[in-house]
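Enquirer: Got a structure for you, questions after.
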């Protein structure tokens, strides 16, 4: 399954059980420090139905590598250098959001303190999220692939995770996911700034990097 909404995934999972079909074992959504909206519902569905999350674009189309600069339209041989308005990672839209640069600043500080690339920190954050079993890499060069694979054994501290959680907190309205709307429906929880729907700092399966998809 890929790019399903929460209700679609829940319905599909229930139908496979009702019809005696093979269960859904994995969901492939976009998920990274800049795109965390699957935490609103999909993460809970996956945990409840034992479905592994296999994120695509864990580096947000190259944004989380630190290659792009504020107010400098990309040029050259890169995804956005070839087409600055490419798809969901289009430069103008993300450049205009202060949250983008807050995330990159926090990411850069942790990477510098660790002596590793920003890409490795971003991948480690994603790989340790609730229900995530692996990530789909989109490396364009052998050098990029080698750097990405170096994140396989990297795990962030609680403090580092919290710093990234807070910097990347998705924008949440009052209802139904914000604090004012919490508890208005059975089983609902508030998605407070910096806090995922799942357990805040519990790492994902320890085998998250046992199989890396490219």
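Enquirer: Here's a check for you: in region 10-38, which residue that is under 9 Å from the mean Cα position of the chain (by Cα) and not in a loop (DSSP other than H, G, I, E, B) is nearest to residue 95 (Cα to Cα)?
Expert: 35
Enquirer: Hey, another quick one. How many of the residues in region 65-79 are surrounded by 11 or more Cβ atoms within 10 Å (Cβ to Cβ) and either over 20 Å from the mean Cα position of the chain (by Cα) or more than 20 Å from residue 148 (Cβ to Cβ) (or both)?
Expert: Start the filter on region 65-79 by keeping residues that are surrounded by 11 or more Cβ atoms within 10 Å (Cβ to Cβ), which leaves 65-69, 73-74, 78-79.
Pick out the ones that are also either over 20 Å from the mean Cα position of the chain (by Cα) or more than 20 Å from residue 148 (Cβ to Cβ) (or both) and you get 69, 73-74, 78.
Looking only at that region, the number is 4.
Enquirer: Can you pull out the residues in region 1-30 that are within 19 Å of residue 133 (Cβ to Cβ) and surrounded by fewer than 13 Cβ atoms within 10 Å (Cβ to Cβ)?
Expert: Scanning region 1-30 gives 2, 3, 22, 23, 25.
Enquirer: How many residues are surrounded by fewer than 22 Cβ atoms within 10 Å (Cβ to Cβ), modelled with pLDDT of 95 or more and either in a helix (DSSP H, G or I) or over 18 Å from the mean Cα position of the chain (by Cα) (or both) when one looks only at region 121-142?
Expert: The number of residues fulfilling the criteria is 1.
The values are calculated or read from the model by the stated rules, or taken from the named source; none is laboratory data. Quantities reported herein were computed from a predicted structural model and do not represent experimental measurements. Virtual Cβ from ideal backbone geometry, glycine too; neighbours counted across all protein chains shown.
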